[in-house]
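The values are calculated or read from the model by the stated rules, or taken from the named source; none is laboratory data. Just so you know, these numbers come straight off a predicted model, no measurement behind them. FYI the Cβ positions are ideal-geometry reconstructions off the backbone, even for glycines, and counts take in every protein chain you see. Each accessible area value is taken on the protein alone, full model and side chains, heavy atoms only, with ligands, DNA and RNA left out. Shrake-Rupley method; radii C 1.70, N 1.55, O 1.52, S 1.80 Å.
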Amino acid sequence: MKMKSFLNIVLFVASFNLWAEYGHNLWLRARNQGRVHVVCAKSSTTISIAKMELEQGWQGKSGASVLLKLKSDKKIKGDGFVISSLEIQANTELGILYGAYEMLRREQTNNIVSTEIINPSYERRILNHWDNLDGSIERGYSGKSIFWKSGKDALVVTQKDIAIWKEYARANASIGINGAVLDNVNASPLILTSGYLKRVKAIADVLRPFGVRTYLSVKFSSPVLIGGIKTSDPLNLEVIQWWNKKVKEIYSLVPDFGGFLIKANSEGQPGPQDFGRTHADGANMLADALKPYDGIVMWRAFVYDSSDHDRAKQAYNEFMPLDGQFRDNVIIQVKNGPIDFQPREPFSPLFEAMKKNSVMPELQITQEYLGHSVHLVYLAPMWEEFLKSDTYQNGSGSTVASCTDGSIFPQKYTAIAGVANIGLDTNWCGHQFAQANWYAFGRLAWNNQLTSEQIANEWIKLTFSSESEQHLNTTDWTENFLIPVKQMMMESHEAAVNYMMPLGLHHIFAAEHHYGPGPWWAPKYMRKDWTPPYYHQADTIGVGFNRTTIGSDAVSEYHEPLKSQFNDVKSCPERYLLWFHHVPWDYKLKSGNSLWDEICLHYDKGLQQVRGFQKTWDKVQQYVDADRFVEVQVKLRNQSQNAQLWKDGCLLYFQQFSRKPIPYNLERPIHNLQDVMELDFSKTE
Ligand code: GCV
C-alpha cells in the first residue's frame, strides 16, 4: 500500500477521539485494551482498514494473533464470512472487513466468538438520502447535508468533506450498509450535469474502500430539462440514446456505480405516464441502459393521486397488474405500509402480491412522523413487527422478510432501503438515541432475523461503553443502566403510537411539518387526501376508515386468511382497528371498555410512558457523560410537552364527535382545543 494512503488511514482513525463525548463517535467508541497481531496474505486499502480497525479496537487477549483469510467457499454468500475466535475467512475483501467489525462487536459486547458462517439477508443494503443539492434535507432534522452545499464553492471538495465522508463510510461499513443514494428522490436534474457528477465521483472514491456503493436519484424528465431534447418519452429513440450516453458517462467516473432510484408520477414528479406509458416502460428503459454495467433501477411504488377514493389502495392498483413486466435488474421499492411511514401501518399488500418481479422494503429512519429529532423513539420494534408479518404469500410463515430476501422466490437482486437520518450535526442524527435507528437499520438489513431487543442491547453497550468501561460487565451497570435504558427504548415506539395515533388511527398530523397533532386541519382549497379528516372520518357515530368489503375494499388486497381477519371487526387486530373499520364510539373492545374510553386510555398511557422515560433517564445520570445526559434530558422534557399536546388536542377534538366524558380517573387536559389548534396553524402559515 502507498505510504500516503496508509498515513491517511492512521490520521483518520486517530481523529475520532477529538469529538469526545458529544456523540460524534456513534457506536464506534471502543479503544484497544491490548495488542493484537493481524496477518493477511493480501494487501489493499480495504484490508488495511480491517487490520487497523482490529488493532485500534481490540478487546481480546493481549498479544493474540488474528488471521484474515481470503479463500473461496460456496457456503459463504456475497459479503458474508466465517468467523472464529482468531480467524476471519471470506470470499471477498469486503467480507473480511465485515468480519473484522463483527469480531470487534462481539468482543465489545461480550458475545463469545464461536465458529459461525455469517451471510447477509439482503445483497444490497442501502441508505436513501433525501438531500437536496443546496444542502437542505427533505424531512431532515440533524443539520445540513454531508454531501451537498450551496454557494459559489458548492462543488469544491474540501479536506473537511473528505473527512466526514470517510467517517460516514466507516460507520456504515461497521454495520454492513453497502450503498448510499446521495440525493433526494424529489430529484434535481442538475445531479446529472458534469460538475455534480465530478463531485459524485469524489464521494464514491472515498466510500469505495469501505464497500459503500454510490447510487443516484434521477428525475425522469432530465432529457428535456438538461438534455435539450423535446420529450422524455421512454420509448423515444433520442431519449433512450440520451440515457445510454449519460449512464456511460457516469460509469466512466464511477466504475462501481450502483444504479438509479426513481420517484415517478408521484406527488407531482414527472414519469412515463406523462407520455401514456407505464411504470414498466419507464423503468425498463433505464434498466437497459444500466444492464451492461450491472447497475440496477429501484423504482418506487409510492404513488397516489387525489382522484382515488382510498389512497391505501393505489400502489397496489398500479403495480400489481405490471408484475412480471419489469426487467430483472429493476426492483420495486415499496414503503413498509400502504400509506406513508405512519407510526403504525399494516404491511403493504404489494409485498405479497408481486411474485415475478423483485420487491424491496423502504423504511424511514428519519423520524418524519415519529417526533423528528425531538422524540426518543427506537424504531427497530416497528421494523421487526413489519419484517415478521406473515403475508401468506406461499402458505403460512411467508413473512415480509422471506418475501423480500429471496428465500421464497429466487431473485436476481435482493435489497432493502432506509431513508437516512444523517446530517452535519455533531451527533449525526439530531438525537443521541436516533443513532440507534441508523444502527438498527444496518443490523436488520444484514440479518433480518435479529430481534429489536438484541440490537438495542448491542447498541447500548457500544454507545455508552467508554464512560462505563469500568462498569461494563458489572451487575450494577447491567441492572441500573443497561436494563432500564433498554426497557425505555423497547417501549418507546408503542408509547409514540399511544400518544399520537392509537388503535389504527393514522395521518392526523399537523400539516406540512408532520410533528404535532392536526386532526382538524382541512382548508377548503386542499385536496382531500392531504387532510386528516380524510383518514380519521370521525362523525357522531364513530371514527375510522372503512376499508372492509363494504367500504373501500382494501382488505381484498390481502391474502386469506388476512383478508377475512381484517374484514371482520371482531377478528381485526385492535392495533389496526381504525385503519380497517369505522367503529361506533360505544363499541366494546376486548378490554370491555368502549372505543371512546379506550382511545382516551391510550392517549393518556402514551403521555405517562414518556413521563416514565424522564424518570428512567434522570436515574441513570451517574452512568452517562454530562453532555449527552443533559441533551437527552432536555429532549425528553420537550417530548413530554408534545405528548401532552397530542393527548389534549386529539381527545378534545374527537370529543366533539363522541360527546362523551373523558374517563374520570384520567388526568384532565391542560390545554384548550382552540389554543392547540392555533399553535398548529401558526406553525403552518
Ligand atoms: C421525498 C412523504 C413525505 C415527502 C416525501 C415523500 C416520498 O410524502 O412527506 O417529503 O418526499 O413521502 O416518500 O416521496
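Could you run through the stretch 67-85 and say how many residues are over 26 Å from Ser121 (Cβ atoms) and in contact with a helix residue (DSSP H, G or I) (Cβ under 8 Å, 6 or more places away or on another chain)?
Of the stretch 67-85, the ones over 26 Å from Ser121 (Cβ atoms) are 67.
Add one more test, that the residue is in contact with a helix residue (DSSP H, G or I) (Cβ under 8 Å, 6 or more places away or on another chain), and what stays is none.
So the count comes out to 0.
Identify the single condition in (1) modelled with pLDDT under 95; (2) part of a loop (DSSP other than H, G, I, E, B); (3) within 16 Å of Ile175 (Cα to Cα) that Ile112 does not satisfy, given that it satisfies every other one.
If we test Ile112 against (1) modelled with pLDDT under 95; (2) part of a loop (DSSP other than H, G, I, E, B); (3) within 16 Å of Ile175 (Cα to Cα), just (3) comes out false.
Can you run down the residue pairs with Cβ atoms below 9 Å, 6 or more apart or on separate chains, where the first is in the stretch 523-546 and within 16 Å of Leu577 (Cα to Cα) and the partner is of a type in the set (Asp, Glu) and open to solvent by 30 Å² or more (accessible area, probe 1.4 Å)?
Gly542/Asp586
Inside the stretch 63-84, can you point out the residues that are of a type outside the set (Lys, Arg), in contact with a strand residue (DSSP E or B) (Cβ under 6 Å, 6 or more places away or on another chain), under 20 Å from Ile118 (Cβ atoms) and surrounded by fewer than 17 Cβ atoms within 10 Å (Cβ to Cβ)?
Passing the criteria: only Leu67.
Out of (1) touching an Asp or Glu at 6+ places or on another chain (Cβ under 7 Å); (2) more than 30 Å from Ala401 (Cα to Cα); (3) open to solvent by 10 Å² or more (accessible area, probe 1.4 Å), the odd one out for Trp148 is which?
(3)
Just for the stretch 193-222: of the residues that are farther than 26 Å from Gly442 by Cα and surrounded by 23 or more Cβ atoms within 10 Å (Cβ to Cβ), which one is farthest from the ligand (Cβ to nearest atom)? Talk me through it step by step, then tell me what you get.
Going through the stretch 193-222, the residues farther than 26 Å from Gly442 by Cα turn out to be 193-198, 219-222.
If we keep only those that are surrounded by 23 or more Cβ atoms within 10 Å (Cβ to Cβ) as well, we get 219-220, 222.
Working: Lys219: 13, Phe220: 14, Ser222: 17 Å.
Residue satisfying both the conditions and the ranking: Ser222.
Check the stretch 88-107 and report whether any residue there is touching a strand residue (DSSP E or B) at 6+ places or on another chain (Cβ under 7 Å), touching a residue at least 60 places away in the same chain (Cβ under 8 Å), within 16 Å of the ligand (Cβ to nearest atom) and not in a loop (DSSP other than H, G, I, E, B).
There is no residue in the stretch 88-107 that is touching a strand residue (DSSP E or B) at 6+ places or on another chain (Cβ under 7 Å), touching a residue at least 60 places away in the same chain (Cβ under 8 Å), within 16 Å of the ligand (Cβ to nearest atom) and not in a loop (DSSP other than H, G, I, E, B).
Within the stretch 117-134, track down each residue that is within 16 Å of the ligand (Cβ to nearest atom) and either hydrophobic (A, V, I, L, M, F, W, C) or surrounded by 17 or more Cβ atoms within 10 Å (Cβ to Cβ) (or both).
If we filter the stretch 117-134 for residues that are within 16 Å of the ligand (Cβ to nearest atom), which is where we start, we get 126-134.
Residues satisfying the conditions are Ile126, Leu127, Asn128, His129, Trp130, Asp131, Asn132, Leu133.
With respect to the numbered conditions (1) within 16 Å of the ligand (Cβ to nearest atom); (2) buried (at least 17 other Cβ atoms within 10 Å of the Cβ); (3) among the small types (Gly, Ala, Ser); (4) farther than 15 Å from Val334 by Cα, which one is the sole condition not fulfilled by Gly259?
Going through (1) within 16 Å of the ligand (Cβ to nearest atom); (2) buried (at least 17 other Cβ atoms within 10 Å of the Cβ); (3) among the small types (Gly, Ala, Ser); (4) farther than 15 Å from Val334 by Cα one by one, Gly259 breaks only (1).
Please determine, by comparing only the residues of the stretch 322-367 that are crowded, with 21+ Cβ neighbours inside 10 Å and charged (D, E, K, R), which one is farthest from the chain's Cα centre (by Cα).
So the residue we want is Glu352.
Residue-by-condition table, conditions (1) out of contact with any Cys (no Cβ under 9 Å at 6 or more places or on another chain); (2) open to solvent by less than 40 Å² (accessible area, probe 1.4 Å):
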residue: Val583; (1), (2): yes, yes
residue: Val620; (1), (2): yes, yes
residue: Val634; (1), (2): yes, no
residue: Tyr653; (1), (2): yes, yes
residue: Pro663; (1), (2): no, yes
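The conditions are (1) more than 29 Å from Ala440 (Cβ to Cβ); (2) assigned to a helix (DSSP H, G or I); (3) more than 16 Å from the ligand (Cβ to nearest atom); (4) in contact (Cβ under 8 Å) with a residue 40 or more places away in the chain, and Glu560 fails exactly one of them. Which is it?
Of (1) more than 29 Å from Ala440 (Cβ to Cβ); (2) assigned to a helix (DSSP H, G or I); (3) more than 16 Å from the ligand (Cβ to nearest atom); (4) in contact (Cβ under 8 Å) with a residue 40 or more places away in the chain, only one is false for Glu560: (2).
I'm told Gly60 meets every condition in (1) open to solvent by 20 Å² or more (accessible area, probe 1.4 Å); (2) out of contact with any helix residue (DSSP H, G or I) (no Cβ under 9 Å at 6 or more places or on another chain); (3) not hydrophobic (A, V, I, L, M, F, W, C) except one. Can you identify the failing condition by its number?
With (1) open to solvent by 20 Å² or more (accessible area, probe 1.4 Å); (2) out of contact with any helix residue (DSSP H, G or I) (no Cβ under 9 Å at 6 or more places or on another chain); (3) not hydrophobic (A, V, I, L, M, F, W, C) applied to Gly60, the lone miss is (2).
Starting from residues that are modelled with pLDDT under 95 and more than 16 Å from the ligand (Cβ to nearest atom), keep the ones in the stretch 499-547 and report whichever is nearest to the chain's Cα centre (by Cα).
For the stretch 499-547, the residue satisfying everything is Ala522.
With the structure loaded, tell me whether Ala496 is under 21 Å from the mean Cα position of the chain (by Cα) and touching a residue at least 24 places away in the same chain (Cβ under 8 Å) or whether it fails that test. Break it down into steps so the answer makes sense when it comes.
Values: under 21 Å from the mean Cα position of the chain (by Cα): yes; touching a residue at least 24 places away in the same chain (Cβ under 8 Å): yes.
Against the criterion (under 21 Å from the mean Cα position of the chain (by Cα) and touching a residue at least 24 places away in the same chain (Cβ under 8 Å)), Ala496 qualifies.
May I ask you to list the residues in the stretch 571-580 that are part of a loop (DSSP other than H, G, I, E, B) and open to solvent by less than 10 Å² (accessible area, probe 1.4 Å)? Can you show your working first?
Just the residues of the stretch 571-580 that are part of a loop (DSSP other than H, G, I, E, B), to begin with: 571-573.
Within the stretch 571-580, Cys572 is the sole residue that qualifies.
Kindly establish whether Asp183 is touching an Asp or Glu at 6+ places or on another chain (Cβ under 9 Å), under 19 Å from Asn427 (Cβ atoms) and buried (at least 21 other Cβ atoms within 10 Å of the Cβ).
no
What pairs come out if I take residues in the stretch 288-316 that are basic (Lys, Arg) and pair them with residues that are assigned to a strand (DSSP E or B) whose C-beta lies under 7 Å away, six or more apart or interchain?
Once the first residue is basic (Lys, Arg) and sits in the stretch 288-316, its partners that are assigned to a strand (DSSP E or B) give Arg300/Ile262; Arg300/Gln333.
Return yes when Gly78 is within 20 Å of Ala445 (Cβ to Cβ), in a loop (DSSP other than H, G, I, E, B) and of a type outside the set (Lys, Arg) and no when it is not.
Yes: the conditions hold for Gly78.
Which strands (runs of 3 or more DSSP E) does the stretch 315-430 wholly contain that include 2 or more residues that are within 18 Å of Ser452 (Cα to Cα)?
On the way: elements: 330-335, 358-364, 415-419.
Those strands (runs of 3 or more DSSP E) span 358-364, 415-419.
Has the stretch 273-284 got any residue that is part of a loop (DSSP other than H, G, I, E, B) and open to solvent by less than 60 Å² (accessible area, probe 1.4 Å)? Can you show your working first?
In the first step, residues of the stretch 273-284 are kept if they are part of a loop (DSSP other than H, G, I, E, B); the result is 276-278.
Then drop every residue that is not open to solvent by less than 60 Å² (accessible area, probe 1.4 Å), which leaves 278.
Within the stretch 273-284 (the criterion being part of a loop (DSSP other than H, G, I, E, B) and open to solvent by less than 60 Å² (accessible area, probe 1.4 Å)), the answer is yes, since at least one residue qualifies.
Filter the stretch 135-164 down to residues that are among the small types (Gly, Ala, Ser) and farther than 21 Å from Asn178 by Cα and give me whichever is farthest from the ligand (Cβ to nearest atom). Please lay out each step first, then the result.
Just the residues of the stretch 135-164 that are among the small types (Gly, Ala, Ser), to begin with: 135-136, 140, 142-143, 145, 150-151, 154, 163.
Now restrict to residues that are farther than 21 Å from Asn178 by Cα: 135-136, 140, 142-143, 150-151, 154.
Values: Gly135: 16, Ser136: 12, Gly140: 10, Ser142: 16, Gly143: 18, Ser150: 19, Gly151: 24, Ala154: 21 Å.
For the stretch 135-164, the residue satisfying everything is Gly151.
Answer yes or no: is there a residue in the stretch 376-389 that is farther than 29 Å from Ser142 by Cβ and touching a Cys at 6+ places or on another chain (Cβ under 8 Å).
The answer is no; no qualifying residue exists.
How do the pairs read when you match residues in the stretch 244-272 that are free of Cβ contacts under 8 Å to residues at least 24 places away in the same chain with residues anywhere that are within 16 Å of the ligand (Cβ to nearest atom) and of a type in the set (S, T, N, Q), using Cβ under 9 Å and keeping only pairs 6 or more apart or on different chains?
Pairs that qualify, where the first residue is free of Cβ contacts under 8 Å to residues at least 24 places away in the same chain and the partner is within 16 Å of the ligand (Cβ to nearest atom) and of a type in the set (S, T, N, Q), are Gly268/Asn186.
For residues that are free of Cβ contacts under 8 Å to residues at least 40 places away in the same chain and closer than 13 Å to Phe147 by Cβ, tally how many sit in the stretch 184-219.
Going through the stretch 184-219 one residue at a time, the tally reaches 0.
What's the total number of residues in the stretch 289-314 that are assigned to a helix (DSSP H, G or I) and open to solvent by less than 50 Å² (accessible area, probe 1.4 Å)? Spell out how you get there, then give the answer.
Residues of the stretch 289-314 that are assigned to a helix (DSSP H, G or I), as a first pass: 289-293, 311-314.
Among the residues that remain, those that are also open to solvent by less than 50 Å² (accessible area, probe 1.4 Å) are: 289-290, 311-314.
So the answer is 6.
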